[in-house]
Each structure stands twice: as structure tokens, then as C-alpha cells.
Amino acid sequence: MENILDKAYFICADPAWDRICPVFKKEFDISKKIKNATLYISALGVYEAKINGSRVGKRLMTPGWTAYEKRLQYQTYDVTNLLSDGENKIEIGAGHGWFASRIGTPKTVTGIYGTYPAVIAVLKTEYTDGSDETICTDDTWKAARSEVLVSQIYDGETVDARIIPQFSENARIFNADRSILIPDEGEDIIETERIAPRSIIHTPAGETVIDFGQNLTGCLEFNVTGKAGHTVYVGHAEILDKNGNFYTENYRSAKALITYTLKEGSQTYKARYTFYGFRYVRLTDWPEEVKPENFTAIVIHSDMKRTGWFKCGNGKVNRLFENVIWGQRGNFLDVPTDCPQRDERLGWTGDAEVFCRTANINFDTEKFFTKWLRDMKATQSPQGIIPYVVPFVFDRRPDGSYECSAAWGDAATVCPWEIYKAFGSKDLLCEMYPMMEKWVEYIHSCPGEEYLWQNGRHFGDWLGMDAPAGSYKGSTDEELIASAYFYLSTCLLIKAGKVLGYDMVHYEEMAEKIKAAYQKTYFNGERLISDTQTAYVITIYFGLAGDKKAAFGKRLVELIEAFGDRLQTGFVGTPYLLDTLTEIGRADKAYTLLLQEKFPSWLFSVNMGATTIWEHWDGLREDGSVWSKDMNSFNHYAYGSVASWLYGTAAGITPDEDVPAYKHFFIRPIPDKRLGFVKARIDSRSGTIVSEWEYENDKIRYSFIIPAGTTATVCLNGTDKEYGAGKYTVWGDA
């Protein structure tokens, strides 16, 4: 099928312009009455289009980030109202974006995909007389240097506002594959909120710093008045150091800097082609009095519909929940990134795998994840390997494949299944099933015992608190983790296959053999050979414990209590920790961990002033010092997976995987007086679900709403009962 953009060419500026961002222009006349006009546009890089001086659409960072080797989105805009009779002009500015910025962690200045941006566009105008006309990008377009001298994802923008583009050269044809162009699949990236400064700080180091009171992803908009040629510098940071000074060492090599040279008089600036992760900004060489009204932080992320809310009688837990929401907003910017500030901002598969369930409750993420999973499928190696990050940016193996890790690559099975449960998308499950199967078969083919995953290189229980000195990996045996995930992914493949009507006997037999090999290899009497919290959590939660479930559960509680009722889990164990305790009948201990305020705990960061989820449990210590300079993001959503337990146990709302999209669901709240009350709401695809409870003297008042067209199994006072649509109140003993 012909793509309309096949009529156009990718165009670029003179490569000798180096890092300067170009703008391209085409002037044309219209002498007929317009019926409608459509702009089709994309870029290797990011673009901003204007017609007759008016910006086309409200989307930012378009066309987004995909696996550029195989997929590049284009957008379609109705621009009928932007055209006029007579002379018209279309301009397309191009920034380096993910395509031509340094992405990954190298300290180079060029991108891994390309060194400069290119754009492609078709403007199709239909007239009332039945005729039509197309204007396509080619070498007749004019090119000019824009005022944006540098625009990088990590390093920020350098702008000279004095520059007025001079269209004195023709654009050049950029040789690129147009067959990779696909219609837009992702959510729009837009401005979603504007935040005024909380305070202006004069630090002990003599710097002027603005605090916006919230760690966020987006950009700064400022108004400034001064003399032409004066240059100001604006840095970005998440925290202040223990002395109250601006701190950027955790950004590693990312400069995250605005360098802005003024034109004469008053002017307004905000980023055009990049974004930042920050709470604080530092002003250097500001030419006038710093006034709060001249600064605004603009929040930017993918435009997902908010669908989940939670509130309880503990203010610190409520702040934790808000931190989870802000962490998702900050890291769901076209791809599910690990962090939005330092020299990564990558689609780490492990982070998405552990957070996917929570993400799907907080927001309607089906469209967002579908686009990313298609990139994952396109990136999967012929051997079935799923890399650490999608889109992939690191070095490949000599055979062209990737390094991979258990729990990270298992996003290939976990995410499609979680999306199916939340939204009921059987078509997506069908589309992703081959990827899921290839991943399981890859693990099966790895060297070592056939039904275990041995001899691999894994991240293990990343950032577990029981890590040996000098290591980022927790102490849980990596092959135990890998083999447990082998079993989990095989089980999820079986579930998906059965939904799709496939014969899954082969994989059911494989799953039993994996379980048997796991138990033979890793069981040591009443304990596991890896005697850690995480080992017991995943063994129980993934269904591998067998008749040792009670003993392993008892040992898990012993380990928690021996550590002062605190967790030691990292990225692998933490997402399932509270669910596992609930499963073994110790929801009381789960509440104790939730409400623990001593380090390490969720509320420790809240007490330290966190407004997003931290990467490390003590990213900032009680004395104000930092845990690490090189692995210390303060906006890293993985540990925010605790919110799924708040919805699923504290409020008790869980989907029924046999009847997905909440057409049938469960309400099985487990109250605890330490929370006082709980109110939760999920705007599911099947309607709004509400679950509330509150202690009143020696009773508990339960209230719940079941939407029209659905049913729910409700467990209150120890008894399951089926309910149809309606609003209910039930009393129980405290």
C-alpha cells in the first residue's frame, strides 16, 4: 500500500552547519477555494511546524522515539484553518531529538543513529472544485540556520535570540529509508500543567536558585529583559546538597543547561526540542531582578487519561501515592524511561516490567504501551533476545544480538499480559504472542541445565539493600532469579495461548519441568539456598514454593523481623513483597512495611521531602549526603509499584484475568486501623469502580460501587458473595 509520504523526500541542511538546528521553508500560492488541507509530517530528530506563522498542533517532541532502524512514526494534522487565499508559507524547524543527540551514556556529541536531523512532509490541499494539490519536501525548499544553535536531549539548548533565519540556501536531500514510516501509534506528548515557583533561594554558595516544589519532567519558561548580546545560563537539578547548594553530580555527564543569548528588550523563552528532569533551576548572569512571576515550570508527558485514585487516613501514605503518580508522569514521555534527568532517559525493560501493573491502574496506558511493545517486538533478535532497553542504544554482540537479563527481558511476557488483564485487548495479546514465545524459547535454549536459566549475565535484584559492599546487585542468587522468571514467563505464555485458543500442552509440560528443576536445585530443606527476602518473595509469588510455601513464608517474615521490620529487597523483590506477605496471611506485616519510616522504607523518602519515587532507598541520607553520584535518580518509578498493593489489598480491587478489563473483578479489602480509612477509585474500561472502608468505633463501614454491565466477587467479613451493578454499604466487625 502506497504511503503518501513516498511522494516526498527527507531533507536536511548543509552538514557543515554542524549542531545548529535548521528551519526549512516553502512558499506557495492558493487561488482556489479550499475544501480541506492535511499535513503529513515526520522527522529523523524532532520537528516543529508552522503554517503562516501559526504552530501546527499542540504536540511536542514529535514524531517521538521509536526503533529507528525499522519504525518511524509520522503525524497527520488537519490544517485547513491555517491556510488562506493568496500567499502562504510553511516552515518546519528540526531539532536533534533522540535521533541525533547522544543517547545512552557516552560523552560524545553525536547521536548513535545520525549526526543531524532531517524532515519529511506532504501538504495535501483539496479544493471545492474537486481538484487537489500536494506540496512535498524536496531540494526546492529553502533552509536557514535557526536561533537554536544546539539542542540535545541530555545537554539542553543553546539559543541566540538575535538570530533571524535567512533562507539563502536550498535544502539538501537526505538519503533515508521511507519504508520505515508508519502512521502515528503513540499518545500525544503535550504540556499538561504549569507550576509557579514556590520560593527563590539564595544559597550559601551565593547562587540564585528557584524551587518549584515538585520534581517534574518538562521545561522552564521564562521572561527576561536585557541588552542584546547578554548571555544567561540556567541549570537544572533535582535536589540541593546538605549545605543547601545546587547539586547536579547525579546528572553524570548530562549538562541539562539552557544557554540563552538575549535580543534587545523583553522576550520569552521555553525549550523547543528537548526536556529536563528537575525541581530546582539555577540562574547565572541574570540581567535583572529575579521575580517569581517571570518563571514557570511546564510539565510535559504523554497525554494518558488518569484512571486511578487512592486516599487514606495517613498523610504520608497519601504523599507516597502522589509521588507514584508524579513518577509515572515524569517517566512516561513516549517511552517508559528509567529516569528523566541524567544521561540515560532510556526505555529500560526491567523498570517497565515491574511497574506495568501499577501503571495500568493509574492511567489508561494501552495505547502508550502498545506503541512501545511494537518497538520491542521489532527489536527482538532472531534468537529471541529482548535487550535491556527499547529502543536499543547500546553495543551489540559480535553476532548482532544483545546482552539481556532476567526480569528485564521478561517485560516481553509480563507487559502484554498485564495490559490484557487491564484493558481486555485480545488483539494486542495475539500480536505479541510470537514475541512472548520467542523469548521463552530463547531462555530454554541457553547453556546449562535445560529447565533452568544458568550461565547468563543478569542485573539480579538490582539495588537490593542486602548487596555486598561495592556492588549494586542484591545478594539473591542471580540464577535463582533467572530460573524463577523462566517459570513466570512460561506460565504467562501458557495463559496468553489459552486465551487465544492455542494448544499449550507442550508449554504446560515445560513449566512443570522448570518447577521441578527449580525445587531440586534451589530448595534446601525448609529454606532456599539463597536465604534472602527477595528469593522467598519470588519463589512464593511466582508459584514455585509447592509444599514449602508455609515454611518459606515463615522464613520471609523472620528475615523481615530480623532486619527491624524493614525490607532488603531491590528491583526484583520489592514489587511483589507486600503481595507475597498478603498471600501467606500476613497482611499485617505488609502494612508494617508500608508504614515503616526508618530507612530503608517507602516513607523514609517521604520524610526526606521526596515528591517522586527514588531510585535508591537512601538516595538522600538523613544527614543530607547522597548515597551515590552515578546511580542516584530522584525520579525513578520502579519502587512505585507498591501502589498496585494499595489498590489491590488496602482497597481490595483486583481484576479477574479470566474476565479481563474489569467486566468481572474482585473487591477483597483488608483493612488496618493504622490507615483509619481508605478511598479508592478506578475508572476502568467497564466503568467506575469504587471501594471504601472506614473504622467507626468497633465497626468497619464498607462502601463499594460496581458499574453497570459488570459483576464482582466481594469478600467482606470472611465470606465471598457475588454482586451485580449498584452502590452498596456493608458493616463488619473491626
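The values are calculated or read from the model by the stated rules, or taken from the named source; none is laboratory data. All values derive from a computational prediction rather than experimental measurement. Note: ideal-geometry Cβ built from the backbone for every residue, glycine included; neighbour counts use all protein chains shown.
Looking across region 258-272, the residues that are part of a strand (DSSP E or B) and under 20 Å from P22 (Cα atoms) come down to I258, T259, Y260, T261, Y269. Residues in region 527-541: is at least one surrounded by fewer than 20 Cβ atoms within 10 Å (Cβ to Cβ), part of a helix (DSSP H, G or I) and of a type in the set (D, E, K, R)? No, region 527-541 contains no residue that is surrounded by fewer than 20 Cβ atoms within 10 Å (Cβ to Cβ), part of a helix (DSSP H, G or I) and of a type in the set (D, E, K, R).
For region 149-169, the set of residues classified as more than 13 Å from I92 (Cα to Cα), crowded, with 16+ Cβ neighbours inside 10 Å and not acidic (D, E) consists of L149, V150, S151, Q152, I153, Y154, G156, T158, V159, A161, I163, listed by residue number. Pairing residues of region 615-637 that are assigned by TED's automatic domain parsing to the domain that holds T248 and without any contact (Cβ under 8 Å) to a residue 12 or more places away in the chain with residues that are surrounded by fewer than 16 Cβ atoms within 10 Å (Cβ to Cβ) and of a type in the set (S, T, N, Q), at Cβ distances under 8 Å and at least 6 apart in sequence or on separate chains, gives no pairs at all. Any residue at all in region 500-519 that's under 24 Å from H458 (Cβ atoms), touching a strand residue (DSSP E or B) at 6+ places or on another chain (Cβ under 6 Å), assigned by TED's automatic domain parsing to the domain that holds S425 and at pLDDT 95 or above? No, region 500-519 has no match at all. Those strands (runs of 3 or more DSSP E) of region 616-734 in which 1 or more residues are acidic (D, E) and more than 22 Å from the chain's Cα centre (by Cα) occupy 687-696, 719-723, 726-733. Identify, please: which residue in region 258-272 is surrounded by 22 or more Cβ atoms within 10 Å (Cβ to Cβ) and within 26 Å of T611 (Cα to Cα) and is, among those, nearest to the chain's Cα centre (by Cα)? Only one residue fits best here, namely A271. The residues of region 572-610 that are in a loop (DSSP other than H, G, I, E, B), touching a residue at least 60 places away in the same chain (Cβ under 8 Å) and out of contact with any Gly (no Cβ under 8 Å at 6 or more places or on another chain), listed by number, are E597, P600, A610.
Being assigned to a helix (DSSP H, G or I) and crowded, with 20+ Cβ neighbours inside 10 Å: is that true of W417 here? Considered against the rule, which asks whether it is assigned to a helix (DSSP H, G or I) and crowded, with 20+ Cβ neighbours inside 10 Å, W417 comes out as yes.
Look at region 297-343 and say how many of its residues are aliphatic (A, V, I, L, M) and under 22 Å from K255 (Cα atoms). So the answer is 6. Would you say D656 is touching a helix residue (DSSP H, G or I) at 6+ places or on another chain (Cβ under 9 Å), surrounded by 16 or more Cβ atoms within 10 Å (Cβ to Cβ), farther than 29 Å from W417 by Cβ and not assigned by TED's automatic domain parsing to the domain that holds Y576? When the stated conditions are applied, D656 does not pass them.
Name the single residue, out of those in region 378-414 being farther than 16 Å from A352 by Cβ and among the acidic types (D, E), that is surrounded by the most Cβ atoms within 10 Å (Cβ to Cβ). Checking each candidate, the answer is E403. Restricted to region 273-309, and to residues that are of a type in the set (F, W, Y) and outside any strand (DSSP E or B), which residue is surrounded by the fewest Cβ atoms within 10 Å (Cβ to Cβ)? Top of the filtered list is W286.
So if I check each of G64, G95, G104, which one is surrounded by 19 or more Cβ atoms within 10 Å (Cβ to Cβ) and either under 21 Å from the mean Cα position of the chain (by Cα) or among the charged types (D, E, K, R) (or both)? Just a single option satisfies the conditions, and that option is G64. Taken over region 195-245, residues that are closer than 21 Å to R272 by Cα and charged (D, E, K, R) amount to 1.
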